[in-house]
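Right, one structure below, let's go through it.
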Amino acid sequence: TRRRAEQSSEMASLPICPSSPSSFLSWPHRPISLSFQPKNHSSSASPAAAHVSVQDSPPQDPAPPSDPGQNPKISSTAKFLWVNPNSPRAAELARARAGSGRRARLAAAAAALAACEPAEAPVAAALEAAFPEAPSEQDAAIVLNTAAGNPATAVLALRWFLENAEVRSKVILYNVVFKVLRNRRRWSETEALWDAMLRDGVQPDNTTFSTVISCARACGPPGKAVEWFEKMPESGCSPDMLTYSVVIDAYGRAGDAEMALRLYDRARSERCQLDPVICATVIKVHSTSGNFDGALNVFEEMKAVGVKPNLVVYNTVLDAMGRAMRPWVVKTIHREMVSQKVQPNRATYCCLLQAYTRARYGEDAMIVYRKMKDEVMDIDVVLYNMLLSMCADIGYVDEAEEIFRDMKSSMDTKCKPDSWTYSSMVTLYSCTGNVPGAEAILKEMAEAGFKPNIFILTSLTRCYGKAGCTDDVVRSFGMLKELKITPDDRFCGCLLTVAADTPVEELGKVVDCIDRSNAELGTVVKLLADRKASTESFKEAARGILSGARGVVKMPYCNCLMDLCINLGQMEKACALLDAALQLDIYSNVQTRTQTQWSLHLRGLSVGAALTTLHVWMNDLYTTLQSGEELPPLLGIHTGEGRNMYSDKGLASVFESHLKELDAPFHGAPDKAGWFLTTSVAAKHWLEAKKSSELVAV
């Protein structure tokens, strides 16, 4: 008993309160507690205070109050729980109490340091007050990492700790402060601290380099991260997978995709373990350089070697496949993501929305949009405008009106309609010839404080032309002068489209607008409409305007001019224009020939251009037979199956009717949508029976 008392006297008494045993470790300043339920039921009924003691021996039951030998320091209601100082529980309680006090002290030191001015004297005073004795290296690292609000203060605190703390490895503290500077994107301070570290004789390690390189990638010039990576061998450091990932991304941002991929191959050759971070980085590098097959290969390779894609990898590859215009791959990857129970976030839905709107997958895009609405995700005006642009192109009127209403009803200023929003809505109504709808949007736009731009006036002009409102076309052209807007190539192309659908008696009004917009183009249209003008003069004028036009408008100009030729019954000039376009390589791969099949490819052409091309092709077939050459077993015409942007009907339906009028033996292929096929025997019989001027070159 005496020996036990001597051991007990070295420990302290710990007060406890009723709580669970798991609450021994509490933060920051809760008293350490232990539940104690006495086995004596009569005792448990009274609210007696209980104490845990590892100092005193187990106290005896107190004597009755009348006993004169009672210890006056012990209350009659007090209870004690004695803990053997040699038991694991005693050590656990002591460590918990000490750890709680240490955490509180470090938190107070970090708070005092964060409140300091970035000057040497205040920082030193705060740390001296917090650490009367020399702090440990771990304490210094915790305080530096916690008090990261002001990088300048962190650098000053680092100097104090290096001089006053018990530091075994200075590079650890430097790495902590490098991390602070990286998080605050302070590149100049990072370079200055690097120089100070070298002057201090501290050798950098892999963590130092990876932190500095990632800081350079985030806030320095594009080549800085690469420059620091190349310094690693000088310091005897070999890059690990994290460093490789950072530098590969840095090379990609600097535009050196070749070096980035070379580093990736080097990492694999050194048998570094692939992880989702580096795979996502390499996928991004491939995507940025336009190598979308390479991006997809890395994604498949990482799964083959057992690396499970995370959310970042899925988002990166979805973005890459969206840029590659491969919506079918996007759908497959998204289904895989869901099956792997990877929870998509807003970035995922943005990638899906961008992929589907670019590819004009209207139904899929609307499903994603409504999903984002249901989950109350942030949809900015850029995403809204992408959706509206898609709806305008594919004729989703109801869906566009729903989206437009959502934008106007949103309380977020980032979602309010802008000029591009109104432009898409006017384009939508112009494609359907809805003049009241387009004019209502134009009025609402003016009330919102936006002025019409060239894109809106182009769409409005197309809308009036489609509705047959020639006078309104002239009026919308006059708005250009009022708003001091110069007509561009697209506006002139729109006027050509309107002219192709304008009755002959009103064609002069539109031609006058074309002439005032572009005098050279106006001359071409006048030569086309004038039956007395020679075909050769028209061809030379058309060649001049087409050779000088921007690449993006050359084909639309040709399509519209040939539509106008067909509508005016000028087949000879249409054929001459087609010949000029083929010589200028505006139409490429219109005809293909193999040993088994000759094909005519008309997808992307307007109705007039397609009919002109068909006329020339049939004439070529007739000439081939006249020369004694045999036709291949199969002949085909490919029109595509989608809606033609130059016609309310699809090109396939127009050609089906036209081929029936010609009594041509071409019939729709049941297994190949958008194709009309026939055999050489049927084509030969039909061509020989049609020895008329319509199949002979004019």
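The values are calculated or read from the model by the stated rules, or taken from the named source; none is laboratory data. Quick caveat: nothing in here was measured; it's all calculated off a predicted structure. Virtual Cβ from ideal backbone geometry, glycine too; neighbours counted across all protein chains shown. These area figures cover heavy atoms from the full protein model, side chains too; ligands, DNA and RNA do not enter into them. Shrake-Rupley method; radii C 1.70, N 1.55, O 1.52, S 1.80 Å.
Worth a mention:
- Selection of the stretch 173-196 for residues being within 13 Å of A216 (Cβ to Cβ) and part of a loop (DSSP other than H, G, I, E, B) yields R185, R186.
- Residue in the stretch 525-548 that is under 24 Å from R490 (Cβ atoms) and in a loop (DSSP other than H, G, I, E, B) present: no
- Filter pass, L602 being open to solvent by less than 40 Å² (accessible area, probe 1.4 Å), under 20 Å from H685 (Cβ atoms) and modelled with pLDDT of 90 or more: no
Quick grid of which residues meet (1) at pLDDT 95 or above; (2) open to solvent by less than 70 Å² (accessible area, probe 1.4 Å); (3) more than 20 Å from L261 (Cα to Cα); (4) out of contact with any Gly (no Cβ under 9 Å at 6 or more places or on another chain):
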{"position": "S287", "(1), (2), (3), (4)": "no, yes, no, no"}
{"position": "E301", "(1), (2), (3), (4)": "no, yes, no, yes"}
{"position": "N310", "(1), (2), (3), (4)": "no, yes, yes, yes"}
{"position": "V330", "(1), (2), (3), (4)": "yes, yes, yes, no"}
{"position": "H334", "(1), (2), (3), (4)": "yes, yes, yes, yes"}
{"position": "L352", "(1), (2), (3), (4)": "yes, yes, yes, no"}
{"position": "A359", "(1), (2), (3), (4)": "no, yes, yes, no"}
{"position": "E375", "(1), (2), (3), (4)": "no, no, yes, yes"}
{"position": "D378", "(1), (2), (3), (4)": "no, yes, yes, yes"}
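- Candidates in the stretch 630-650 are the residues that are open to solvent by 90 Å² or more (accessible area, probe 1.4 Å) and assigned to a loop (DSSP other than H, G, I, E, B); of these, the one that is modelled with the lowest pLDDT is M645.
- Residues (of a type outside the set (V, I, T) and not in a helix (DSSP H, G or I)) located in the stretch 578-596: L584, D585, Y587, S588, N589, Q591, R593, Q595
- Per-region count, the stretch 281-318, residues of a type in the set (F, W, Y) and within 22 Å of S214 (Cβ to Cβ): 0
- Elements of type helices (runs of 4 or more DSSP H) contained in the stretch 288-393, each with 3 or more residues being within 20 Å of D249 (Cα to Cα): 292-304, 311-323
- Qualifying residues in the stretch 248-285 (those that are acidic (D, E) and farther than 25 Å from M325 by Cα) - the one modelled with the lowest pLDDT: E270
- Residue, nearest to the chain's Cα centre (by Cα), within the stretch 507-534, restricted to residues that are basic (K, R) and closer than 24 Å to A467 by Cα: R516
- Pair list, Cβ < 6 Å and 6+ apart or interchain, from the stretch 183-204 residues that are under 20 Å from T243 (Cα atoms) to residues that are among the small types (G, A, S) and modelled with pLDDT under 90: R185/A218; W187/G220; P204/S235
- Listed by position, the helices (runs of 4 or more DSSP H) contained in the stretch 100-172 that have at least 1 residues being of a type in the set (S, T, Y), at pLDDT below 90 and open to solvent by 40 Å² or more (accessible area, probe 1.4 Å) are 137-146.
- Scanning the stretch 484-506 for residues that are part of a helix (DSSP H, G or I), over 15 Å from Y464 (Cβ atoms) and open to solvent by 20 Å² or more (accessible area, probe 1.4 Å) gives D489, R490, V504, E505.
- So S653, is it over 30 Å from K539 (Cβ atoms) and either within 43 Å of the chain's Cα centre (by Cα) or crowded, with 18+ Cβ neighbours inside 10 Å (or both): yes
- Hits in the stretch 603-626 (condition: touching a strand residue (DSSP E or B) at 6+ places or on another chain (Cβ under 8 Å) and closer than 15 Å to F655 by Cα): R603, T613, L614, W617
- Of the listed requirements (1) part of a helix (DSSP H, G or I); (2) touching a residue at least 24 places away in the same chain (Cβ under 8 Å); (3) open to solvent by 20 Å² or more (accessible area, probe 1.4 Å), C565 misses just one: (3).
- Selection status of G255, outside any helix (DSSP H, G or I), on the phi > 0 side of the Ramachandran plot and in contact (Cβ under 8 Å) with a residue 24 or more places away in the chain: yes
- Hits in the stretch 507-519 - residues which are in a helix (DSSP H, G or I), in contact (Cβ under 8 Å) with a residue 12 or more places away in the chain and either more than 15 Å from S476 (Cβ to Cβ) or of a type in the set (A, V, I, L, M) (or both): L507, V510, V511, I514
- Checking each residue in the stretch 251-282 for being of a type in the set (A, V, I, L, M), over 16 Å from E300 (Cα atoms) and open to solvent by less than 20 Å² (accessible area, probe 1.4 Å) picks out A260, L263, A267.
- Looking across the stretch 442-458 at every residue that is open to solvent by 10 Å² or more (accessible area, probe 1.4 Å), assigned to a helix (DSSP H, G or I) and not charged (D, E, K, R), the one that is farthest from L496 (Cα to Cα) is identified as A446.
- The set of residues from the stretch 420-458 being under 13 Å from S389 (Cβ atoms) and modelled with pLDDT of 90 or more comprises W420, T421, Y422, S423, S424, M425, V426, T427, L428, F455.
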